[in-house]
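As structure tokens, the structure follows; a few thoughts come after it.
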Amino acid sequence: MQERVKKDPEREFRVVGTRPIRPDGADKVTGRAKFGADFKMAGQLVGKVLRSPHAHARIKGIDVSKAAVLPGVKAIVTRDDFKDQGSEFVPAGEMLVNYRDVVRNVLAREKALFEGHPIAAVAATSEKIAREALRLIKVDYEVLPHVLDAVEAMKPDAPVLHEDMITAGVTPPPTKASNVAKRIEFVMGDIQKGFKDADVIVEREFNTKPVHQGYIEPHAVVASVSEDGSAEVWVTTQGHWIVRAHCARLLGWDISKIRVTASEIGGGFGGKTVVYLEPLALALSKKARKPVKMVMNREEVFRASGPTSGANIWVKIGAKKDGRIVAGEAILKYQAGAFQGSPVQPGCMCAFAPYDLENVKVVGYDVVTNRPKVAAYRAPGGPISEYAVESVVDEIAEQLGLDPIEMRLKNAAKEGTKAAYGPKFGPIGLVEGLEAAKGSPHWNAPLGKNQGRGIAAGFWFNIGGETTVSLQLNEDGTLSLMAGTPDVGGLRASLSMMAAEELGVDVAKVRPIIADTSSLGYNFLTGGSRSTFSSGMATVEAARAMIKEACVRASKLWEIPLDAVTWEDGKVRPAGDNAGKHEAMDLGDIAKIAGKTGGPIVGYSAITAHGAAPSFGVHIADAEVDPETGKTTITRYTVIQDAGKAVHPAYVEGQFQGGAAQGIGWALNEEYIYDDNGRLENPGFLDYRMPVASDLPMIDTIIVEVPNPRHPYGVRGVGETPIVPPMAAIAAAVKRASGVRFFELPMSPPKILAGMKAVKANGGAKATT
Amino acid sequence: MRYEAPDTIDAAVKLLAGEAGLARVLAGGTDLLVQMRSDVVSPDLVVDIKKISELRQVKEEAGGFRVGAAVTGAELKEHAKLPKAWPGLVEAANLIGSTQVQGRATMGGNLCNGSPAADSVPGLIAAGATATLVGPNGRRDLKVEDIMLAPRKLALTKGEIVASFLLPARPARSSDAYLRFIPRTEMDIAVVGCGVSLTLDPSGTCTAARVSLGAVAARPLLVEDAAKAIIGTKLNHAALAKLEAAARAACKPIDDKRGTVEFRIDVAGVLARRAALIAQERARKA
């Protein structure tokens, strides 16, 4: 069942809001679409990476001499092939990267900091030879004690990963190096006063595990460097301009010499916003003077690409008897993995964002651990802190005997609310979402035996950023659209719809592509739920530029002033009777006269898209817990979220459902399991248990539309918010189904069974696990 | 690496016995090929047994069935009589992997892969199946529960192949069931598996039973005490409680990435009871 809640339809749309077939659909369902590993070049070599078997070790020496003379080996690169980089943070999606760390993440320098850390890379004429070459590389390791957990890593006697890391954000600065990269704090109002006014206070500690984005397509790249130093790269990525920038920086090459083409992408979810193989493939190709193809296997993806943080979270919330929250406090400790830069900052900012509060204090710690460096994962940081806060809100509602929706309505952020992290919200759709939840068939349906229902809200900022779109009017009146934000969830469909809407043409007449970095102006990556918003805004602007040009051409043809020409209903027309009698012309007619009225017609937009607006979501989950095995089945699920304006509702629903599906995995079964030596024991989909299709119910959706006033069509990003509420909604449902409130993810069957047994052993006393 | 696909069992045995290096049998390949790709094994010789017709057939024999070791799960499911006679075993074989995997995976391979968590093995043990082995010294029969000794360790001698399984004749009112616990619904490996096969008399009293547990010890177990707990009963509450306790008592599991010792022991009892009740219900109608 798919429902829509409308508010304020400012304009009647002809194309936007319909569900045409996506332009990339046929190739994807027939297997013709080219993903990262599908590119091949004549004479290409196979590139392979040697990875550290140790979680933490000093690298005393790397001897490649034996591998280098193995017949078929064409190039080897190690840390010596990359210049060291100074400490400098640059944005990558919603995360920051530091080139000092990027160069070390691509190839270890002083130390191996996690199992799977790349040590060297080889290019050879066959996979077999490349593997053999890896075996011949001798690395002299001094194995060091390791630490995996943020709380452990913060202890004074913990093994220190970076001997020069002094905690930032603390005055006076500590004198000793530690694993805490940064302390941050957001304070609003006076929490002491707030807690004093509270009738009820709940204080809880939560733990979550790192979870992987789980994209089905592993990282893959083909790089070809010419003798003149120019390079071509084909890669699966969320941002090929970012790949270009990182590679140019790490290799010391001119940006203009690297041309990057993004393949179709088999999932990214934030994880394909960083570089792993690309600089290695380029360095190998340059050395070997041949194209080099590198593809990670699943094990490498798990061992060496970034999940999101595991965390320890402490939350304290005080409320009045009527449910009004008077103070909220949280301490967040996020694992960053081997290098600093966990999403603890957005985690802090999100923690209480759904609520209109006076007194808030949030403290965050960015903590390095001997795990792969975290990467962005849908709403990075948000799901973790909001899981903890929403769980406490649920518990307070329960203690006060309040309906959890009413409790949230009483505190919901709305237009004008000052968020604890600073800004005032514009028009937002949280209240509308909560009301839609309250009236939904799901919320009002009866529950079966051993079933419970939970609800949670969620927030994500969303971003805009640098964006370029080019729209060409072809000779026959059809349109070619070039965008530069890789299409992760139906973007090309949405962009062609927006172009068609603006230009008054059939959507099938607009053929969109994701252009390469040398064919189009700069584009920041697809991340922050920005692509439909930003590239959509640029598309509308490019279309408007084309309309303007069409008017210019008509004025030339008709020999009347430009202001006597107007665009209406998809046609250029004389503005009034005084303009003379001329036949209105659509874009097909304009295309025919383009050559003789000034040349080819191109609409172009190169902007920094401002005005991204947050999206709030509300999820309802029904869980059934088997009382004898602790196994949880999600029996019903509904996602309600503000899309601003759903351009292609099917893909908005797809984002809602996908986020919920990933959240169900996060809540119930996904976790990294390490042995005592810090080696990952489950680097594959068999034992890293993401949900399969049969684990999920049909995920229902309700699209709320509170238009974003700063987008021409009202669009808000929708891609990230859907992964924020599931964990708390499911934890609340499991509480009601099992009688036990759990404070740790994943809520896997052994934990749930043990929790239920503990309750029984206590004679039914309220247990918490 | 050498690949051979002989069309007689004797030729296969000769190849395997004569290989000086590491020789592996390829049936469905759903374990072997994965292990080869991930560098777990690098055989010098792979002998594909799918071309050997004897190993690819289901035949009626001595009132029961002889199932070739290289018959796939999907073929078992589509057989005219097997799913009715041995619904639990057929289900067990068809819990392995995805639909595509079930089109390749075989019970012989499942057994010889040597995993304590193999789904079809507790099904075979509960069924009382006898395996026929063919080796350089001829043929011999072994009960399935005596074949796997420890993880990746089998009672097979060099050159010996599991050729087929004999499922015994079924008395009236007999049936079986297999349940496994996985945190998901499919595409997973048993945390605990349990097969139960039983026979009822006209009054509904259980006259014969076999209970087998998987993934709770170093090898799949035949749990005789669990069977005794229900033989002579109508699977009333007390008998089921005894069955659960006996199943739990037989467990010697480990803590690993798939489950804890405590969890596996608890769930073994639960699955034994649930499987017994399903088998009972089916036997009443059989």
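List of remarks:
- Filter result for B:ALA247 (surrounded by 19 or more Cβ atoms within 10 Å (Cβ to Cβ), under 19 Å from the mean Cα position of the chain (by Cα), within 14 Å of chain A (Cβ to nearest Cβ) and at pLDDT 95 or above): yes
- Residues that are touching a residue at least 60 places away in the same chain (Cβ under 8 Å), touching a strand residue (DSSP E or B) at 6+ places or on another chain (Cβ under 9 Å) and assigned to a loop (DSSP other than H, G, I, E, B) within the stretch A:236-270 comprise A:THR236, A:THR237, A:GLN238, A:GLY239, A:SER263, A:ILE265, A:GLY266, A:GLY270, listed in sequence order.
- Residue check for B:ALA177: small (Gly, Ala, Ser), within 22 Å of B:ILE96 (Cα to Cα), surrounded by 24 or more Cβ atoms within 10 Å (Cβ to Cβ) and away from chain A (no Cβ under 14 Å): yes
- If only residues of the stretch A:136-177 that are open to solvent by less than 70 Å² (accessible area, probe 1.4 Å) and among the hydroxyl-bearing types (Ser, Thr, Tyr) are counted, the one that is nearest to the chain's Cα centre (by Cα) is A:THR167.
- Only one entry in A:GLY717, A:GLY739 is away from every other protein chain (no Cβ under 14 Å) and surrounded by 24 or more Cβ atoms within 10 Å (Cβ to Cβ), namely A:GLY717.
- Residues located in the stretch A:528-547, provided they are on the phi < 0 side of the Ramachandran plot and either of a type in the set (D, E, K, R) or in a loop (DSSP other than H, G, I, E, B) (or both): A:ARG530, A:GLU541, A:ARG544
- Any hit, the stretch B:197-212, residues being aliphatic (A, V, I, L, M), at pLDDT 95 or above, open to solvent by 40 Å² or more (accessible area, probe 1.4 Å) and not assigned by TED's automatic domain parsing to the domain that holds B:LEU16: yes
- Qualifying residue in the stretch A:605-616 (condition: of a type in the set (A, V, I, L, M, F, W, C) and more than 30 Å from A:PRO726 (Cβ to Cβ)): yes
- Scanning the stretch B:254-265 for residues that are of a type outside the set (Val, Ile, Thr) and in contact (Cβ under 8 Å) with a residue 40 or more places away in the chain, we see that the one that is farthest from the other protein chains (Cβ to nearest Cβ) is B:ARG264.
The rows are residues; the columns are (1) outside the structural domain of A:THR721 (by TED's automatic domain parsing); (2) open to solvent by 10 Å² or more (accessible area, probe 1.4 Å).
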{"residue": "A:TYR377", "(1), (2)": "yes, no"}
{"residue": "A:ALA397", "(1), (2)": "yes, no"}
{"residue": "A:LEU402", "(1), (2)": "yes, yes"}
{"residue": "A:TYR421", "(1), (2)": "yes, yes"}
{"residue": "A:GLU435", "(1), (2)": "no, yes"}
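- Restricting B:VAL47, B:VAL67, B:VAL58 to those that are touching a Lys or Arg at 6+ places or on another chain (Cβ under 9 Å) and within 18 Å of B:ALA126 (Cα to Cα) reduces the list to B:VAL67.
- Filter result (farther than 10 Å from A:VAL704 by Cβ and part of a loop (DSSP other than H, G, I, E, B)) within the stretch A:429-450: A:GLY439, A:SER440, A:PRO441, A:HIS442, A:TRP443, A:ASN444, A:ALA445, A:PRO446, A:LEU447, A:GLY448, A:LYS449, A:ASN450
- Taking the stretch B:20-46 as the range and being closer than 16 Å to B:VAL134 by Cβ and either more than 22 Å from the chain's Cα centre (by Cα) or modelled with pLDDT under 95 (or both) as the test, only B:ALA23 passes.
- Restricting attention to the stretch B:180-208, the residues being assigned to a loop (DSSP other than H, G, I, E, B), away from every other protein chain (no Cβ under 14 Å) and free of Cβ contacts under 8 Å to residues at least 40 places away in the same chain number 4.
- Residue match in the stretch A:613-622 (condition: within 14 Å of chain B (Cβ to nearest Cβ), under 27 Å from B:VAL192 (Cβ atoms) and at pLDDT 95 or above): no
- Filtered by the rule that a residue be exposed (fewer than 13 other Cβ atoms within 10 Å of the Cβ) and touching a helix residue (DSSP H, G or I) at 6+ places or on another chain (Cβ under 7 Å), the stretch A:58-87 gives A:ASP84, A:GLY86, A:SER87.
- Number of the condition not met by A:ALA728 [criteria: (1) away from chain B (no Cβ under 12 Å); (2) farther than 22 Å from A:GLY270 by Cα; (3) in contact with a helix residue (DSSP H, G or I) (Cβ under 6 Å, 6 or more places away or on another chain)]: (2)
- Condition check for A:SER470: open to solvent by less than 30 Å² (accessible area, probe 1.4 Å) and hydroxyl-bearing (Ser, Thr, Tyr): yes
- Selection within the stretch B:266-284: residues that are within 11 Å of chain A (Cβ to nearest Cβ) and of a type in the set (Val, Ile, Thr). The member of this set that is surrounded by the fewest Cβ atoms within 10 Å (Cβ to Cβ) is B:VAL270.
- So A:VAL704, is it over 21 Å from the mean Cα position of the chain (by Cα), surrounded by 24 or more Cβ atoms within 10 Å (Cβ to Cβ), within 22 Å of A:ASP394 (Cα to Cα) and more than 10 Å from every other protein chain (Cβ to nearest Cβ): no
- Selected residue (only one of A:ALA623, A:ALA584, A:ALA609 is under 30 Å from B:ARG264 (Cβ atoms) and among the aliphatic types (A, V, I, L, M)): A:ALA623
- Scanning the stretch A:656-696 for residues that are more than 10 Å from chain B (Cβ to nearest Cβ) and open to solvent by 40 Å² or more (accessible area, probe 1.4 Å) gives A:GLN657, A:ASP676, A:ASN677, A:ARG679.
The values are calculated or read from the model by the stated rules, or taken from the named source; none is laboratory data. Keep in mind that this is a model prediction, so the values were computed, not measured. With ideal geometry, Cβ positions are generated from the backbone for all residues, glycine too; neighbour counts draw on all protein chains shown. Surface areas here come from the heavy atoms of the whole protein model, side chains and all, with no ligands, DNA or RNA. Shrake-Rupley method; radii C 1.70, N 1.55, O 1.52, S 1.80 Å.
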